Amino acid sequence: AAFVDLVKSRYYNGIFVFRVIKGFIVQWGFRPDWVWDNNRNSSNSRKKRKAITDAVHDGSLSNTRGTLTFAGGSTVQVFVNLGDNSRLDGEGSRPFATLNAHSVALAERIYSGYKGGSGQIPAITEGKEAVIKKFPRMSMIDNCRVVDSFSVPK
């Protein structure tokens, strides 16, 4: 529900896929134009993050190939596992969905030529134009939406 709510709010529209590491993950989720709770260690902030991650994670999924996961206790950053990353299970990275094979194949095609996550800080702090100038091949999510059904092209 938390991820779907973010998608419906158009949170992921126009953001960069800032961390792509072959065989490991494809990650996105920071928006420099949204207001953040800068006090991540406040009691309220911790409770809110725990409530969201508990709500999406019932313990039935592990960070294995094809799972979609909230990153390390984040309430907005997500990643697709491109390999068996079950070692992340105990680190607060909680998978909440499984992608079909076609979707995983698409994730694997995202440009991975930048050193694993080197665009993360610019994508968060410097804005779209600066990121495009520094990382012209960095992938961006134009439009993320909920669909009732999905037909995999042949």
Would you mind computing, in nm to one decimal, how far apart the modelled labels at Arg65 and Ile121 are, each placed 7 Å from Cα along Cα→Cβ?
3.4
So what J values fall out for region 61-73 if you push phi through Karplus, 6.51 cos²θ - 1.76 cosθ + 1.60 with θ = phi - 60°, rounded to Hz, Gly and Pro as x?
10, 10, 6, 10, 3, x, 8, 9, 9, 6, 6, x, x
Tell me which chymotrypsin sites (Phe, Trp or Tyr not before Pro) from region 2-34 have a DSSP coil assignment and no more than 13 other beta carbons within 10 Å of their own.
Trp34
Please list, in chain and number order, the residues 5+ apart from Ala97 or on another chain whose amide H is under 5 Å from its amide H, with Hs placed from the backbone.
Leu68
Can you list which of the GluC sites (Glu not before Pro) found in region 101-151 are DSSP loop residues with at most 14 other C-beta atoms within 10 Å?
Glu126
A correct Karplus calculation of ³J(HN,Hα) over region 6-19, with 6.51 cos²θ - 1.76 cosθ + 1.60, θ = phi - 60°, whole Hz and x for Gly and Pro, returns 5, 5, 5, 7, 6, 4, 7, 5, x, 10, 8, 8, 8, 9
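Since every read-out is calculated from the coordinates, none of them should be taken as a lab result. Bear in mind the structure is a predicted one, so any value in this text is a computation, not a measurement. In this analysis, Cβ positions are derived from the backbone assuming ideal geometry, glycine residues included, and neighbour counts consider all displayed protein chains.
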